[in-house]
Amino acid sequence: MLAETSAKLTDNLQQATQILAQSSQICILTGAGISAESGIPTFRDKQTGLWEQYRAEDLASAEAFERDPELVWSWYQWRRQLVHDKAPNSAHLALARWQQAGSHKITLVTQNVDDLHEQAKHHERTSRHEPSNDSKPLGNLNNIDSTVHHLHGHLWRNRCSQCHKPYTEQSAQPKSDIDFDTKLIHCSECDGLIRPDIVWFGESLPVDSWQIAEQAAANCEVFISIGTSSLVYPAAGLAQLAKQNGAKIIEINPNPTANSFVDITLAAKAGEVMPLLVDRIL
Ligand code: NAD
Ligand code: ZN
(Lines give C-alpha, C1' and ligand atoms only; values in the text may rest on other atoms or scores of the structure.)
(Ligands and ions follow the chains in the order given, each with its own letter.)
Protein backbone atom coordinates (compact mmCIF):
# COMPACT_ATOMS: atom_id res chain seq x y z
CA MET A 1 0.00 0.00 0.00
CA LEU A 2 2.80 2.35 1.00
CA ALA A 3 4.77 1.51 -2.18
CA GLU A 4 1.63 2.09 -4.24
CA THR A 5 1.05 5.47 -2.57
CA SER A 6 4.59 6.61 -3.07
CA ALA A 7 4.57 5.43 -6.71
CA LYS A 8 1.50 7.61 -7.27
CA LEU A 9 3.15 10.52 -5.49
CA THR A 10 6.30 10.14 -7.59
CA ASP A 11 4.21 10.07 -10.73
CA ASN A 12 2.29 13.19 -9.71
CA LEU A 13 5.52 14.94 -8.72
CA GLN A 14 6.86 14.20 -12.18
CA GLN A 15 3.75 15.69 -13.80
CA ALA A 16 3.91 18.76 -11.58
CA THR A 17 7.58 19.27 -12.43
CA GLN A 18 6.83 19.05 -16.14
CA ILE A 19 4.05 21.63 -15.95
CA LEU A 20 6.22 23.97 -13.91
CA ALA A 21 9.13 23.61 -16.35
CA GLN A 22 6.89 25.00 -19.10
CA SER A 23 5.55 27.90 -17.01
CA SER A 24 6.86 31.16 -15.66
CA GLN A 25 4.03 32.81 -13.68
CA ILE A 26 3.17 30.99 -10.47
CA CYS A 27 0.72 31.92 -7.74
CA ILE A 28 1.07 30.08 -4.43
CA LEU A 29 -1.56 30.15 -1.69
CA THR A 30 -0.60 28.72 1.68
CA GLY A 31 -2.79 27.90 4.67
CA ALA A 32 -2.41 26.71 8.24
CA GLY A 33 -1.31 23.23 7.04
CA ILE A 34 2.09 24.50 5.87
CA SER A 35 2.89 25.56 9.44
CA ALA A 36 1.54 22.38 11.06
CA GLU A 37 4.92 20.63 10.90
CA SER A 38 6.46 23.61 12.72
CA GLY A 39 4.17 22.78 15.64
CA ILE A 40 1.48 25.42 15.03
CA PRO A 41 -1.97 23.81 15.18
CA THR A 42 -4.42 24.39 12.32
CA PHE A 43 -8.00 25.48 12.97
CA ARG A 44 -9.14 21.93 12.24
CA ASP A 45 -6.99 20.56 15.07
CA LYS A 46 -8.70 20.38 18.42
CA GLN A 47 -7.50 23.13 20.74
CA THR A 48 -5.60 22.15 23.85
CA GLY A 49 -5.49 23.02 27.55
CA LEU A 50 -7.63 25.88 28.73
CA TRP A 51 -8.97 26.39 25.22
CA GLU A 52 -10.19 22.85 24.63
CA GLN A 53 -13.82 23.86 25.14
CA TYR A 54 -13.74 26.61 22.50
CA ARG A 55 -13.81 26.45 18.72
CA ALA A 56 -11.35 28.83 17.06
CA GLU A 57 -14.14 30.09 14.79
CA ASP A 58 -16.07 31.23 17.88
CA LEU A 59 -13.16 33.32 19.19
CA ALA A 60 -11.85 34.86 15.96
CA SER A 61 -14.68 37.33 15.39
CA ALA A 62 -15.58 40.93 16.18
CA GLU A 63 -18.77 39.73 17.90
CA ALA A 64 -16.74 37.51 20.23
CA PHE A 65 -14.42 40.43 21.05
CA GLU A 66 -17.37 42.71 21.74
CA ARG A 67 -19.03 40.09 23.92
CA ASP A 68 -15.97 39.10 25.90
CA PRO A 69 -12.80 41.05 25.01
CA GLU A 70 -10.76 39.51 27.87
CA LEU A 71 -11.46 36.03 26.57
CA VAL A 72 -10.49 36.84 22.97
CA TRP A 73 -7.41 38.87 23.96
CA SER A 74 -6.25 36.06 26.28
CA TRP A 75 -6.71 33.55 23.49
CA TYR A 76 -4.49 35.61 21.17
CA GLN A 77 -1.88 36.05 23.86
CA TRP A 78 -1.95 32.29 24.34
CA ARG A 79 -1.56 31.76 20.58
CA ARG A 80 1.35 34.22 20.52
CA GLN A 81 2.96 32.29 23.35
CA LEU A 82 2.45 29.10 21.36
CA VAL A 83 3.88 30.49 18.13
CA HIS A 84 6.68 32.83 19.24
CA ASP A 85 9.46 30.23 19.34
CA LYS A 86 8.40 28.28 16.25
CA ALA A 87 10.71 28.08 13.26
CA PRO A 88 10.03 27.50 9.56
CA ASN A 89 9.94 23.86 8.45
CA SER A 90 11.30 22.27 5.29
CA ALA A 91 8.26 23.39 3.26
CA HIS A 92 8.79 27.10 4.09
CA LEU A 93 12.51 26.71 3.47
CA ALA A 94 12.09 24.96 0.11
CA LEU A 95 9.66 27.64 -1.00
CA ALA A 96 12.10 30.39 0.03
CA ARG A 97 14.89 28.60 -1.89
CA TRP A 98 12.68 28.48 -4.99
CA GLN A 99 11.82 32.18 -4.71
CA GLN A 100 15.44 33.10 -4.18
CA ALA A 101 16.52 31.08 -7.24
CA GLY A 102 14.51 33.39 -9.50
CA SER A 103 13.55 30.61 -11.95
CA HIS A 104 9.87 31.66 -11.91
CA LYS A 105 7.84 34.73 -11.14
CA ILE A 106 6.23 33.62 -7.90
CA THR A 107 3.53 35.53 -6.02
CA LEU A 108 3.26 34.16 -2.51
CA VAL A 109 -0.09 34.68 -0.83
CA THR A 110 -0.79 33.33 2.62
CA GLN A 111 -3.81 32.95 4.87
CA ASN A 112 -1.47 32.44 7.78
CA VAL A 113 -0.95 35.05 10.44
CA ASP A 114 2.40 33.65 11.53
CA ASP A 115 5.66 34.92 10.01
CA LEU A 116 7.28 31.63 9.08
CA HIS A 117 7.52 32.50 5.36
CA GLU A 118 9.37 35.68 6.30
CA GLN A 119 11.66 33.76 8.66
CA ALA A 120 12.39 31.22 5.91
CA LYS A 121 13.29 33.96 3.45
CA HIS A 122 15.55 35.55 6.02
CA HIS A 123 17.15 32.17 6.69
CA GLU A 124 17.67 31.57 2.96
CA ARG A 125 19.28 34.99 2.49
CA THR A 126 21.60 34.64 5.48
CA SER A 127 22.65 31.10 4.68
CA ARG A 128 23.57 32.16 1.13
CA HIS A 129 25.69 35.11 2.12
CA GLU A 130 27.14 33.69 5.30
CA PRO A 131 27.26 29.91 4.95
CA SER A 132 28.88 29.31 8.34
CA ASN A 133 26.52 31.58 10.23
CA ASP A 134 23.94 29.87 12.41
CA SER A 135 21.12 32.15 11.35
CA LYS A 136 18.53 32.43 14.04
CA PRO A 137 14.95 33.27 13.15
CA LEU A 138 14.41 36.98 12.86
CA GLY A 139 12.61 38.68 15.76
CA ASN A 140 9.11 38.13 14.51
CA LEU A 141 7.57 41.35 15.73
CA ASN A 142 9.61 43.38 13.27
CA ASN A 143 9.55 40.79 10.58
CA ILE A 144 7.45 42.18 7.76
CA ASP A 145 8.39 41.25 4.21
CA SER A 146 6.48 42.99 1.43
CA THR A 147 6.82 39.96 -0.87
CA VAL A 148 4.68 37.77 1.38
CA HIS A 149 1.06 38.84 0.93
CA HIS A 150 -0.92 38.20 4.09
CA LEU A 151 -4.66 38.00 3.43
CA HIS A 152 -5.65 37.53 7.07
CA GLY A 153 -3.30 39.92 8.86
CA HIS A 154 -0.41 39.40 11.26
CA LEU A 155 -0.41 37.74 14.64
CA TRP A 156 2.31 40.11 15.82
CA ARG A 157 0.52 43.37 15.11
CA ASN A 158 -2.13 45.14 17.15
CA ARG A 159 -4.42 48.07 16.48
CA CYS A 160 -7.22 50.03 18.10
CA SER A 161 -10.61 48.38 17.65
CA GLN A 162 -12.25 51.82 17.31
CA CYS A 163 -9.97 54.31 15.54
CA HIS A 164 -7.77 51.60 13.91
CA LYS A 165 -4.56 53.34 15.00
CA PRO A 166 -1.71 50.81 15.06
CA TYR A 167 -0.62 49.95 18.57
CA THR A 168 3.13 49.52 18.35
CA GLU A 169 4.25 49.41 21.96
CA GLN A 170 3.90 45.69 22.31
CA SER A 171 4.44 45.01 18.59
CA ALA A 172 7.78 46.83 18.55
CA GLN A 173 9.40 44.68 21.19
CA PRO A 174 12.00 42.13 20.20
CA LYS A 175 10.91 38.53 20.19
CA SER A 176 12.51 37.50 23.47
CA ASP A 177 10.80 40.25 25.45
CA ILE A 178 7.26 39.72 24.27
CA ASP A 179 4.80 40.55 26.94
CA PHE A 180 2.05 37.95 26.94
CA ASP A 181 0.09 39.76 29.62
CA THR A 182 -3.61 39.03 29.27
CA LYS A 183 -4.67 42.41 30.69
CA LEU A 184 -6.63 44.51 28.17
CA ILE A 185 -4.90 47.57 26.69
CA HIS A 186 -6.60 50.87 25.80
CA CYS A 187 -5.82 53.19 22.89
CA SER A 188 -3.99 56.39 23.83
CA GLU A 189 -6.03 58.37 21.26
CA CYS A 190 -9.62 57.27 21.84
CA ASP A 191 -9.53 54.86 24.79
CA GLY A 192 -10.86 52.07 22.54
CA LEU A 193 -9.68 48.54 23.19
CA ILE A 194 -6.52 47.29 21.45
CA ARG A 195 -7.12 44.15 19.37
CA PRO A 196 -4.92 41.92 17.22
CA ASP A 197 -4.51 43.23 13.66
CA ILE A 198 -6.04 40.09 12.23
CA VAL A 199 -8.87 39.70 9.75
CA TRP A 200 -11.57 37.99 11.75
CA PHE A 201 -14.38 35.90 10.34
CA GLY A 202 -16.88 38.25 8.66
CA GLU A 203 -14.36 41.10 8.17
CA SER A 204 -13.01 42.42 4.86
CA LEU A 205 -9.57 41.50 3.62
CA PRO A 206 -6.85 44.17 3.28
CA VAL A 207 -7.45 45.78 -0.12
CA ASP A 208 -3.81 45.85 -1.30
CA SER A 209 -3.01 42.22 -0.51
CA TRP A 210 -6.30 41.05 -1.95
CA GLN A 211 -5.78 42.95 -5.23
CA ILE A 212 -2.30 41.48 -5.62
CA ALA A 213 -3.66 37.99 -4.88
CA GLU A 214 -6.54 38.32 -7.36
CA GLN A 215 -4.27 39.62 -10.09
CA ALA A 216 -1.69 36.90 -9.51
CA ALA A 217 -4.38 34.19 -9.51
CA ALA A 218 -6.01 35.53 -12.69
CA ASN A 219 -2.69 35.80 -14.55
CA CYS A 220 -0.76 32.76 -13.39
CA GLU A 221 -0.08 29.65 -15.44
CA VAL A 222 0.11 27.44 -12.37
CA PHE A 223 -1.69 27.91 -9.06
CA ILE A 224 -0.35 25.91 -6.11
CA SER A 225 -2.49 25.52 -3.02
CA ILE A 226 -0.54 24.28 0.02
CA GLY A 227 -2.03 23.21 3.35
CA THR A 228 -5.40 24.85 3.07
CA SER A 229 -8.80 23.25 3.52
CA SER A 230 -10.21 25.66 0.88
CA LEU A 231 -13.23 26.35 3.07
CA VAL A 232 -12.51 29.94 4.09
CA TYR A 233 -13.70 32.49 1.50
CA PRO A 234 -12.79 34.69 -0.28
CA ALA A 235 -9.27 33.14 -0.21
CA ALA A 236 -10.69 29.79 -1.32
CA GLY A 237 -12.04 31.47 -4.49
CA LEU A 238 -8.52 32.26 -5.77
CA ALA A 239 -7.97 28.74 -7.10
CA GLN A 240 -11.30 28.93 -8.96
CA LEU A 241 -10.31 32.27 -10.46
CA ALA A 242 -6.98 30.80 -11.62
CA LYS A 243 -8.73 27.77 -13.11
CA GLN A 244 -11.26 29.94 -15.00
CA ASN A 245 -8.34 31.81 -16.52
CA GLY A 246 -6.68 28.64 -17.78
CA ALA A 247 -4.16 27.90 -15.02
CA LYS A 248 -3.27 24.39 -13.93
CA ILE A 249 -4.04 23.74 -10.27
CA ILE A 250 -1.68 21.78 -8.03
CA GLU A 251 -2.68 20.96 -4.48
CA ILE A 252 -0.42 19.80 -1.65
CA ASN A 253 -2.38 18.37 1.24
CA PRO A 254 -2.34 14.94 2.92
CA ASN A 255 -6.15 15.13 3.23
CA PRO A 256 -8.91 15.67 0.65
CA THR A 257 -10.18 19.27 0.42
CA ALA A 258 -13.20 21.17 -0.89
CA ASN A 259 -11.30 21.93 -4.14
CA SER A 260 -13.00 19.88 -6.85
CA PHE A 261 -11.03 21.06 -9.90
CA VAL A 262 -7.44 20.23 -8.99
CA ASP A 263 -5.26 18.97 -11.86
CA ILE A 264 -2.54 17.38 -9.74
CA THR A 265 -2.84 16.38 -6.09
CA LEU A 266 0.33 15.76 -4.12
CA ALA A 267 -1.28 13.93 -1.22
CA ALA A 268 1.41 14.19 1.44
CA LYS A 269 2.72 16.60 4.05
CA ALA A 270 4.05 19.89 2.70
CA GLY A 271 7.34 19.39 4.56
CA GLU A 272 7.91 16.16 2.65
CA VAL A 273 6.67 17.24 -0.78
CA MET A 274 8.01 20.78 -1.14
CA PRO A 275 11.75 19.91 -0.89
CA LEU A 276 11.23 17.09 -3.44
CA LEU A 277 9.35 19.38 -5.81
CA VAL A 278 11.83 22.26 -5.52
CA ASP A 279 14.83 19.92 -5.97
CA ARG A 280 13.30 18.75 -9.23
CA ILE A 281 12.48 22.25 -10.46
CA LEU A 282 15.86 23.84 -9.76
P1 NAD B 1 -7.46 24.97 8.00
O2 NAD B 1 -7.13 24.80 9.44
O3 NAD B 1 -8.85 25.15 7.60
O4 NAD B 1 -6.93 23.72 7.17
C5 NAD B 1 -5.64 23.23 7.29
C6 NAD B 1 -5.40 22.28 6.13
O7 NAD B 1 -4.04 21.88 6.20
C8 NAD B 1 -6.24 21.00 6.15
O9 NAD B 1 -6.82 20.81 4.88
C10 NAD B 1 -5.22 19.90 6.47
O11 NAD B 1 -5.53 18.68 5.81
C12 NAD B 1 -3.96 20.50 5.91
N13 NAD B 1 -2.72 20.01 6.51
C14 NAD B 1 -2.52 19.58 7.79
N15 NAD B 1 -1.22 19.24 7.95
C16 NAD B 1 -0.61 19.47 6.76
C17 NAD B 1 0.72 19.33 6.30
N18 NAD B 1 1.71 18.88 7.11
N19 NAD B 1 1.01 19.64 5.02
C20 NAD B 1 0.03 20.11 4.19
N21 NAD B 1 -1.24 20.27 4.58
C22 NAD B 1 -1.55 19.95 5.84
O23 NAD B 1 -6.55 26.18 7.52
P24 NAD B 1 -6.79 27.27 6.41
O25 NAD B 1 -7.32 26.63 5.17
O26 NAD B 1 -5.53 28.03 6.36
O27 NAD B 1 -7.96 28.24 6.93
C28 NAD B 1 -8.30 28.54 8.25
C29 NAD B 1 -7.90 29.90 8.83
O30 NAD B 1 -7.05 29.59 9.90
C31 NAD B 1 -7.10 30.87 7.99
O32 NAD B 1 -7.82 32.02 7.90
C33 NAD B 1 -5.81 31.17 8.82
O34 NAD B 1 -5.63 32.56 8.95
C35 NAD B 1 -6.11 30.61 10.17
N36 NAD B 1 -4.99 29.97 10.90
C37 NAD B 1 -3.68 30.36 10.71
C38 NAD B 1 -2.66 29.71 11.38
C39 NAD B 1 -1.24 30.16 11.16
O40 NAD B 1 -1.01 31.34 10.89
N41 NAD B 1 -0.25 29.26 11.24
C42 NAD B 1 -2.94 28.65 12.24
C43 NAD B 1 -4.30 28.27 12.43
C44 NAD B 1 -5.29 28.94 11.73
ZN1 ZN C 1 -8.20 54.43 19.18
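The values are calculated or read from the model by the stated rules, or taken from the named source; none is laboratory data. All values reported here derive from a predicted model rather than from experimental measurement. Reconstructed Cβ throughout: ideal geometry from the backbone, glycine too, with neighbour counts over all protein chains shown. These accessible areas exclude ligands, DNA and RNA; they are computed on the full protein's heavy atoms, side chains included. Shrake-Rupley method; radii C 1.70, N 1.55, O 1.52, S 1.80 Å.
Annotation note: Cβ proximity below 7 Å between a residue of segment 48-67 that is within 21 Å of Leu231 (Cβ to Cβ) and within 16 Å of ligand 2 (Cβ to nearest atom) and a residue that is of a type in the set (Gly, Ala, Ser) and open to solvent by 70 Å² or more (accessible area, probe 1.4 Å) (sequence gap 6+ or interchain) occurs for Ala62/Gly202.
Scanning segment 20-60 for residues that are at pLDDT 95 or above, part of a helix (DSSP H, G or I) and loosely packed, with under 15 Cβ neighbours inside 10 Å returns a single hit, Ala21. Residues of segment 232-254 that are closer than 21 Å to Thr17 by Cα and more than 16 Å from the chain's Cα centre (by Cα): Ala242, Lys243, Asn245, Gly246, Ala247, Lys248, Ile249, Ile250, Pro254.
Every listed requirement among (1) open to solvent by less than 50 Å² (accessible area, probe 1.4 Å); (2) in contact with a strand residue (DSSP E or B) (Cβ under 6 Å, 6 or more places away or on another chain); (3) touching a residue at least 60 places away in the same chain (Cβ under 8 Å) is met by Thr265 save one, (1).
Among the residues of this structure, Ser132 does not count as one that is at pLDDT 95 or above, open to solvent by 30 Å² or more (accessible area, probe 1.4 Å), over 20 Å from Glu37 (Cα atoms) and of a type in the set (Ser, Thr, Tyr). Scanning segment 180-239 for residues that are under 28 Å from Arg44 (Cα atoms), small (Gly, Ala, Ser) and open to solvent by less than 50 Å² (accessible area, probe 1.4 Å) gives Ser209, Ala213, Ala216, Ala217, Ser225, Gly227, Ser229, Ser230, Ala235, Ala236, Gly237, Ala239.
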